[in-house]
Amino acid sequence: MHIILFGPPGSGKGTQAKLLTEKLRVPHISTGDLLRDSVSKKTALGLKAKAHLDDGTLVPDDVMIGLIREVVTSGPAKKGFLLDGFPRTIPQAEALDLLFEELGMHIDGVISLRVEHSEVIRRLTDRRVCRSCGRIFNSSQLRKDDPGKCPSCGGDLYQRSDDTVETAQKRLDVYVRETKPLKEYYRRSGRFIEIDGMREISIVQNEIVTILSQKHSASS
Ligand code: AMP
């Protein structure tokens, strides 16, 4: 099953994908995680992407389309994925459709998480990420005895450098301008399902699981 998780930054795509990937054993592909990894390893991709990640702008389409082609045609992602953070522009969505057509595969659904913009900024600036397991937490979930350690694996938590108020606002503006128009693109193709992402993590997760199992039984 090939699913796109869609929504503004901070809508919970990464949180949901990280929980669902364990539950459903479907690979989670986050273009943001891939780019951050490339930046820390100082690869050619990382060098091209760094300035964009730092200032909250989008990495150019040709770079992202090349990256996604590599990921989709390699190993585990061929059989299925939860795609988080791609596509972010109409040219990226068109390139993904072409790539899938070329490979004789299709995107089964686009699940969009709807979250108010004020909540997006609140969540982004409150977010902590584990350096070891990659899990995402908010301040209410942190350990009282040691808020700097991951409640799940004990690894060190950090705040992403693009989760400051200023860069978070810029990323939201970029989303509204460049990414939000994709809702119409996917709605037209009948693959778009929007759900309320303002609710508790477990409730949103259950709704996604229900949608995916309905899709699975419809296709088998
Ligand atoms: P994320 O972790 O999804 O919030 O992405 C972090 C940053 O990575 C974004 O602000 C962009 O600079 C870059 N990025 C991730 N995915 C894409 C994409 N599909 N197109 C362009 N830039 C991206």
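Can you check what the net charge comes to around Gly197, using other residues whose Cβ is under 12 Å from the Cβ of Gly197 (Lys, Arg +1; Asp, Glu -1)? Present the calculation step by step, with values, prior to reporting the outcome.
Working: positive: Lys13, Arg114, Arg123, Arg199; negative: Glu116, Glu119, Glu194, Asp196, Glu200, Glu207.
Residues close to Gly197 contribute a combined charge of -2.
When N is the residue count of the stretch 134-202, what does its C-alpha Rg come to as a fraction of 2.2 N^0.38 Å?
Values: Rg = 16.9 Å, N = 69, 2.2 N^0.38 = 11.0 Å.
Expressed relative to 2.2 N^0.38 Å, the Cα Rg reads 1.53.
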Worksheet item: In the structure shown, do any of Lys50/Lys79; Lys18/Lys78; Lys18/Lys42; Lys18/Lys149 have a Cα-Cα gap over 23 Å, and if so which?
Response: Lys50/Lys79; Lys18/Lys42
Worksheet item: How many percent of the accessible area of the stretch 140-220 is carbon or sulfur, using a 1.4 Å probe?
Response: 49
Worksheet item: Please report, for the Cα atoms of the stretch 76-146, the Rg to one decimal and the Dmax as a whole number; what are they, in angstrom?
Response: 17.1, 53
Item to complete: In debye, nearest 20, what is the charge dipole magnitude of the chain about its Cα centre with +1 on Lys and Arg Cβ and -1 on Asp and Glu Cβ, if you could check?
Response: 460
Response to the item:
Listed by chain and number, the aspartates and glutamates with an alpha carbon less than 14 angstrom from that of Lys48, same-chain partners under 8 positions apart left out, are Asp37, Asp61, Asp62
Response to the item:
For the stretch 25-33, Karplus-derived ³J(HN,Hα) couplings (6.51, -1.76, 1.60; θ = phi - 60°; whole Hz; x for glycine and proline) come out as 6, 10, x, 9, 10, 10, 5, x, 4
Worksheet item: Counting only protein heavy atoms and using a 1.4 Å probe, what share of the accessible area of the stretch 1-102 belongs to carbon plus sulfur, as a whole percent?
Response: 58
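Ordering Cys130, Cys153 from largest to smallest accessible area (1.4 angstrom probe), what's the sequence? Before the final figure, lay out the partial values.
Details: Cys130 5, Cys153 70 Å².
Largest to smallest exposure gives the sequence Cys153, Cys130.
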Worksheet item: How much accessible area per residue does the chain have, in Å², with a 1.4 Å probe?
Response: 51
Response to the item:
Quick numbers on the stretch 16-69, Rg and Dmax over C-alpha atoms in Å, give 12.6, 35
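Once Rh is set to the Kirkwood radius over Cα pairs, what Stokes-Einstein translational diffusion coefficient, in µm²/s, holds for the stretch 97-220 at a temperature of 37 °C and a viscosity of 0.692 mPa s? Please report the intermediate quantities before stating the final value.
Working: Rh = 17.2 Å.
It comes out at roughly 191 µm²/s.
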Practice prompt. Find which of Gly109, Pro147, Cys133 sits farthest along the positive direction of the dipole of the stretch 79-220, computed with +1 on the beta-carbon of Lys and Arg, -1 on that of Asp and Glu, about the Cα centre.
Written response: Pro147
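How big is D, in µm² s⁻¹, for the chain by Stokes-Einstein at 10 °C and 1.306 mPa s if Rh is the Kirkwood radius over C-alpha pairs? Spell out each step's value before the answer.
Numbers: Rh = 17.9 Å.
My calculation gives 89 µm²/s for D.
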Response to the item:
Most packed first (mean Cβ within 10 Å per residue), the peptides 212-219, 138-145 order as 212-219, 138-145
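Suppose a student asked you for the relative contact order of the stretch 1-128, using Cα pairs under 8 Å spaced at least 6 residues apart; what percent would you report?
Numbers: 144 pairs, mean separation 59.4, N = 128.
Result for the stretch 1-128 is 46 percent.
The values are calculated or read from the model by the stated rules, or taken from the named source; none is laboratory data. Fair warning: this is a prediction, and the values are worked out from it, not measured in the lab. Cβ: placed from backbone, ideal geometry, glycine included. Neighbour counts: every protein chain shown. Calculation scope for accessible area: heavy atoms of the full protein, side chains included, ligands and nucleic acids excluded. Shrake-Rupley method; radii C 1.70, N 1.55, O 1.52, S 1.80 Å.
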